[in-house]
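The values are calculated or read from the model by the stated rules, or taken from the named source; none is laboratory data. Computed from a predicted structure; not experimentally measured. Cβ coordinates were reconstructed from backbone atoms using ideal geometry, including for glycine residues, and neighbour counts include every protein chain displayed. SASA here: full protein model, heavy atoms, side chains in, ligands and nucleic acids out. Shrake-Rupley method; radii C 1.70, N 1.55, O 1.52, S 1.80 Å.
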Amino acid sequence: IFRETLSKRGVRVITGLGKYLRQIDKNRSGFLSQAALKEALKVFHLEMPEGDFESLWLILDDSKSDKVDYGEFTHAIFGEMNEYRKAFVRKAYMKLDFNKTGSVPMVDVRKYYCAK
């Protein structure tokens, strides 16, 4: 149900939610508390009944650590990229990693990519 709600809301809500989650992670741990996730969903008008939220949290917090990796959260909600998108990302990465080192410094990414 949550995935259906997100898909109806569009790309801007999805990307905005991802950006918001990164912003509220002040210590850059990559994790969210239950309260932080609930607040983020509220900010983006994605509230759900408490029982549904509890079920979502139980699924996401499978390690019972009282925190959720927001990368895993977005992966759980959006799923795997389709093959077309994966091929597109690989092609872009190969252009950025022209020295074939297996990593791309952020300075190079900034040089060739504008997220506007």
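Given the structure, is V104 of a type in the set (A, V, I, L, M), in contact with a Phe, Trp or Tyr (Cβ under 9 Å, 6 or more places away or on another chain), in the same structural domain as G16 (by the TED database) and modelled with pLDDT of 85 or more?
no
State yes or no: is F31 open to solvent by less than 40 Å² (accessible area, probe 1.4 Å) and at negative phi?
No: the conditions fail for F31.
Could you grab the pairs with beta carbons closer than 6 Å, sequence gap of 6+ or different chains, first residue in segment 14-30 and assigned by the TED database to the domain that holds V43, second one assigned to a loop (DSSP other than H, G, I, E, B) and polar (S, T, N, Q)?
The qualifying pairs do not exist here.
Out of everything in segment 44-99 that is among the aliphatic types (A, V, I, L, M) and within 30 Å of K111 (Cβ to Cβ), what residue ends up being most open to solvent (accessible area, probe 1.4 Å)?
Only one residue fits best here, namely M94.
For segment 60-79, indicate whether the set of residues that are farther than 18 Å from G16 by Cα, in contact (Cβ under 8 Å) with a residue 40 or more places away in the chain and part of a helix (DSSP H, G or I) is non-empty.
No, every residue in segment 60-79 fails to be farther than 18 Å from G16 by Cα, in contact (Cβ under 8 Å) with a residue 40 or more places away in the chain and part of a helix (DSSP H, G or I).
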